[in-house]
Amino acid sequence: MLGLVRTVGNGEATRIFGDLWVPGLEYRRLLPREGILDFKANVNCLFDVSGRWRMEVMQQILSAEEIATIMKLPHNARRCDDRWTWALTSHGGFTVKSTYHACHSSTPSLATDVEYSSVWQAVWKMNTLPITKLFMWRAGKDILPTAGALQKRGIDINDLCLLCGAEVETCFHALVGCEQVRSNHAMGLKKLGPILDGGSKDLGKEE
């Protein structure tokens, strides 16, 4: 899980292999391998009576890189119990903000985000209703709840266009590609033509 890590105290409740207790390693865990320790052995098997790492044991089962990473872990909490902490905050507690930033920083920007950044800025600055701007943004991102998109998300639904029934209802088809939609657009423009022309003439008279 993103950010979740096992903080070792006395090592009695954290397994050496499998548990997320080594933040410096990929996936925060040690993979099982053959050696002198059982696969289910806990981290306290790596401590001596004073709470220090048993290097002679670690060198037999771990790589130099793994040992170096483990040696960086704080060793001032050996008397405490092992516990789950959140590695994405300094205090170890979970916050929604830290998760949000981690998810967005790990997700690469889409080419369309960079290429059309000026277009998105223009959309958000338009003098129109917020819901209209949101619709345009969702259409541009291809995240409208079309029949095709809903079916891909596991919803049992016919993905064909309800208007024409000829193609899968994608975002492009629903707004532009459907013959019925284009016909409706043309009809609407035809009806609006006289109104728009009348408005233009009125504006010309005022000037």
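The values are calculated or read from the model by the stated rules, or taken from the named source; none is laboratory data. Note that the coordinates shown come from a computational prediction; the quantities given were computed from them, not determined experimentally. Cβ coordinates were reconstructed from backbone atoms using ideal geometry, including for glycine residues, and neighbour counts include every protein chain displayed.
Checked against the criterion of being part of a helix (DSSP H, G or I) and either of a type in the set (S, T, N, Q) or surrounded by fewer than 17 Cβ atoms within 10 Å (Cβ to Cβ) (or both), segment 6-23 has no qualifying residue.
Hey, does segment 124-134 have a residue that's on the phi > 0 side of the Ramachandran plot, out of contact with any Asp or Glu (no Cβ under 8 Å at 6 or more places or on another chain) and modelled with pLDDT under 90? The answer is no, given that none of the residues of segment 124-134 is on the phi > 0 side of the Ramachandran plot, out of contact with any Asp or Glu (no Cβ under 8 Å at 6 or more places or on another chain) and modelled with pLDDT under 90. Total residues in segment 45-74 satisfying the condition of being surrounded by 12 or more Cβ atoms within 10 Å (Cβ to Cβ) and assigned to a loop (DSSP other than H, G, I, E, B): the figure is 5. Since residue 146 meets every condition but one in (1) at pLDDT below 90; (2) surrounded by 10 or more Cβ atoms within 10 Å (Cβ to Cβ); (3) assigned by TED's automatic domain parsing to the domain that holds residue 174, which condition does it not meet? The number of the failed condition is (1). All of (1) of a type in the set (A, V, I, L, M, F, W, C); (2) outside the structural domain of residue 142 (by TED's automatic domain parsing); (3) at pLDDT below 80 hold for residue 86 with one exception: (3). For residue 77, the test of being surrounded by 14 or more Cβ atoms within 10 Å (Cβ to Cβ) and at pLDDT 90 or above is failed. Restricting attention to segment 32-44, which residues are assigned to a loop (DSSP other than H, G, I, E, B) and surrounded by 11 or more Cβ atoms within 10 Å (Cβ to Cβ)? Scanning segment 32-44 gives 32, 33, 35, 37, 38, 39, 41.
Of the residues making up segment 22-41, none is hydroxyl-bearing (Ser, Thr, Tyr) and touching a helix residue (DSSP H, G or I) at 6+ places or on another chain (Cβ under 7 Å).
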